[in-house]
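Asker: Below is a structure I'd like to ask you about.
Just so it is clear, none of the values below were taken in a lab; they were calculated from the coordinates. Keep in mind that what you see is a predicted model, and the values were worked out from it rather than measured. All Cβ positions, even for glycine, are placed from backbone atoms using ideal geometry, and neighbour counts span all protein chains on display.
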Amino acid sequence: MAEILLTAGDGIGPEIMEQAKRILHCFAKDIAFTLTERLIGGAGIDAAGSPFPTDTQKAAAHADAVLFGAVGGPKWDNLPLADRPEKGILGIRKALGLYANLRPTILWPQLTTFSPLKQERIAGVDLLIMRELTGDIYFGEPRGIRTENGQRIAHNTMVYSEEEIRRIAIAGFEAARKRRKKLCSVDKSNVLETMRFWREIVTDIHKDYPDVTLEHMYVDHAAMQIILRPAAFDVMLTPNMFGDILSDEAAVLAGSLGLLPSASIGGKSALYEPIHGSAPDIAGQGLANPIGMILCVGMMLGHSFNKPAWEQAIRAAVGDVLDQGLRTADIMSDGMQRATTDQMGSAIETALRKRLG
Ligand code: NAD
């Protein structure tokens, strides 16, 4: 029996999680699973005094997969950094040992007018950014601000061990092998020793993946190419900081934050979360787009449960509903039919059940 942990979190988190549950229940006759719901983020702080309460930690340790909503909101903005809701997501990622973040940029032909790029430029975009999550300048030591000769000097350190690069490179090549067999590794090896090391290790791992085409690209060039020819990319492999920036740039192409899922993998169990935050400005009003969260269920079934056909079925059901003209507020346009969060989730469930037969 698979254990799935649901951590809805704050703001729109609980509303979109309800829609994810609907979609999961469509598969109840095909896989045996239990759903465990636990608090995280601000909800955890309010109920248990911690953004990652002990109860949630215990459930995460047992879970085969975690579906995560979003955390944070103005209510907790004045807490010290160490006690804020965001510590919930950092805590659970660390507890699960997740080292790779996967962000697909999915472009819906029905929604191209929402993309900031011209239609001909985004046609055929299907990009997966694989970002390293545990190393790089975000975690490197030494770090801090010191005073020397009466002057304050700030410093951070970009560090990668060979093992950290190897495991993410292998994950990148494996992902490319299941897709269009192209991997673009992003670095800044013309300036940084750490990045020259990154390139050396990625090139070495490539020997085990002769069927995958490897291209190396400097990060500044990659930032331009995501705008100029996004459809040319298949899997983009990035260190932590460059991936942080490039994955947000790529997300904008889709047209709304509410459309995109992500997965963090590496440990015994993976975590799936939409790329957006808790959107406190629209919480509780039925305005949230549940598609990103619903596609997380698809990624979970595809990756954690090895059922890529079900992931495809969920994607196709979302496409069916967009074809019907149903739109949440963030993707509403003339001639379309306005739907609440719940109506959108319900329509996708109906389309999915039809496809599953
Ligand atoms: P946000 O992603 O929550 O919202 C940005 C804008 O996008 C808002 O106008 C919001 O209404 C809209 N939006 C987001 N998701 C949407 C959806 N599903 N449907 C329709 N519209 C949607 O980012 P923010 O406003 O910068 O942050 C709000 C809170 O979320 C903060 O407390 C922040 O720290 C937190 N946050 C959490 C995560 C996470 O849990 N992983 C990520 C980012 C931000």
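Asker: Grab the eigenvalues of the alpha-carbon gyration tensor for region 116-254, scale each by 5, take roots, and send me the semi-axes largest first in whole angstrom. Before the final figure, lay out the partial values.
Answerer: Numbers: eigenvalues 171, 79, 25 Å².
Those come to 29, 20, 11 Å.
Asker: Rounded to whole Hz and in sequence order, give me ³J(HN,Hα) for region 266-282 from the Karplus expression 6.51 cos²θ - 1.76 cosθ + 1.60, θ = phi - 60°, writing x for Gly and Pro.
Answerer: x, x, 4, 10, 9, 10, 10, 8, x, 7, 7, x, 7, 6, x, 5, 10
Asker: In angstroms, what radius of gyration and Dmax does region 1-118 have, counting Cα atoms only?
Answerer: 16.3, 48
Asker: What lysines sit close enough to residue 188 to cross-link, taking a C-alpha to C-alpha distance under 16 Å and skipping anything fewer than 8 places away on the same chain?
Answerer: none
Asker: Students often check this: by mean Cβ neighbours within 10 Å, which of 142-153, 272-283, 343-354, 114-125 ranks highest, and how do the rest follow? Could you put the intermediate results ahead of the total?
Answerer: Numbers: 142-153: 8.2, 272-283: 21.1, 343-354: 19.6, 114-125: 14.4.
Highest-to-lowest ranking by the protection proxy: 272-283, 343-354, 114-125, 142-153.
Asker: At q = 0.31 Å⁻¹, what log₁₀ I(q)/I(0) does a Debye calculation on the Cα points of region 200-253 give, no solvent, two decimals?
Answerer: Here the Debye-derived log intensity ratios amount to -1.34.
Asker: What is the sum of charges around residue 202, taking Lys and Arg as +1, Asp and Glu as -1, for the other residues whose C-beta is under 10 Å from the C-beta of residue 202? Walk me through the intermediate numbers first.
Answerer: Working: positive: 166, 199; negative: 187, 200, 204.
Summing Lys and Arg as +1 and Asp and Glu as -1 gives -1.
Asker: Quote the charge dipole size of region 116-254 about the Cα centre in Debye, to the nearest 20; the model charges only the Cβ of Lys and Arg (+1) and of Asp and Glu (-1).
Answerer: Values: 19 positive and 22 negative charges, 72 e Å.
Here region 116-254 has a charge dipole of around 340 debye.
Asker: Give, to the nearest whole percent, the P(r) tail of region 64-111 beyond 13 angstrom, counting all Cα pairs.
Answerer: Details: 791 of 1128 pairs.
Here the long-distance tail beyond 13 Å is 70 percent of all Cα pairs in region 64-111.
Asker: Another question, if that's okay. With springs only between Cα atoms under 10 Å, which of 24, 246, 90 fluctuates most in a Gaussian network model of the chain?
Answerer: Maximum fluctuation in the GNM of the chain, among the listed residues, is at 90.
Asker: Same structure again: Taking only C-alpha pairs under 8 Å that are 6+ residues apart, what is the relative contact order of the chain in percent?
Answerer: Details: 743 pairs, mean separation 76.7, N = 357.
Taking the mean separation of contacting Cα pairs over the length of the chain, I get 21 percent.
Asker: If the reach is capped at under 26 angstrom between alpha carbons, list the lysines near residue 75, excluding any in the same chain fewer than eight residues apart.
Answerer: Reachable lysines: 87, 94.
Asker: State the antiparallel share, in %, of DSSP beta bridges confined to the chain, rounding to the nearest 5.
Answerer: Values: 19 of 47 bridges.
The answer is about 40 percent antiparallel.
Asker: Here is a follow-up. Running Debye on the chain with equal point scatterers at the Cα sites and no solvent, what base-10 log of I(q)/I(0) appears at q = 0.06, 0.10, 0.11, 0.14 Å⁻¹?
Answerer: Rounded to two decimals, the profile gives -0.22, -0.63, -0.77, -1.24.
Asker: By per-residue mean of other Cβ atoms within 10 Å, what is the highest-first order of 217-223, 188-194?
Answerer: On the way: 217-223: 16.9, 188-194: 14.6.
So the order, starting with the most tightly packed, is 217-223, 188-194.
Asker: Same structure, new question: Within 10 Å of each residue's Cβ, count the other Cβ atoms and sort 305, 68, 173 from fewest upward.
Answerer: Details: 305 18, 68 26, 173 23.
Ascending Cβ contact count within 10 Å gives the list 305, 173, 68.
Asker: Strictly over 22 Å apart at the Cα level, which of 58/268; 268/354; 29/58; 182/207 would you flag in this model? Write down the numbers at each step before the final one.
Answerer: Working: 58/268 14 Å; 268/354 33 Å; 29/58 27 Å; 182/207 14 Å.
Listed pairs above 22 Å: 268/354; 29/58.
Asker: Let me ask something additional. Could you grab the relative contact order for region 116-254? Cα pairs under 8 Å, six or more apart, rounded to a whole percent.
Answerer: Working: 221 pairs, mean separation 52.5, N = 139.
The value is 38 percent.
Asker: In square nanometres and to one decimal, what's the mean projected area of the convex hull around the Cα atoms of region 55-150?
Answerer: Values: hull surface 47.1 nm².
Value for region 55-150: 11.8 nm².
Asker: Oh, and also: Once the other residues with Cβ under 10 Å from the Cβ of residue 155 are scored (Lys, Arg +1; Asp, Glu -1), what is the net sum? Write down the numbers at each step before the final one.
Answerer: On the way: positive: 143, 146; negative: none.
Value of the local net charge: +2.
Asker: Got a sec? How would 184, 296 order by Cβ neighbour count within 10 Å, fewest to most? Display every interim value, and only then the final one.
Answerer: On the way: 184 22, 296 28.
Exposure proxy ranking, most exposed first: 184, 296.
Asker: Tell me what the chain gives for mean residue ellipticity at 222 nm when only DSSP H runs of n ≥ 4 count, each as -39,500 (n - 2.57), the sum divided by the residue total, rounded to 500 deg cm²/dmol. Intermediate values should be presented prior to the final figure.
Answerer: On the way: 12 runs with 143 residues, N = 357.
-12500 deg cm²/dmol, from helical runs alone.
Asker: Residue by residue, what Karplus-based ³J(HN,Hα) values in Hz, rounded to whole numbers, does region 73-86 have, using 6.51, -1.76 and 1.60 with θ = phi - 60° and x for Gly and Pro?
Answerer: Running phi through 6.51 cos²θ - 1.76 cosθ + 1.60 with θ = phi - 60° gives x, x, 4, 10, 5, 8, 6, x, 3, 5, 10, 7, x, 4 Hz.
Asker: Most exposed first by the Cβ proxy, i.e. fewest other Cβ within 10 Å, how do 76, 198, 310 rank?
Answerer: On the way: 76 19, 198 31, 310 23.
Fewest to most other Cβ atoms nearby, the residues stand as 76, 310, 198.
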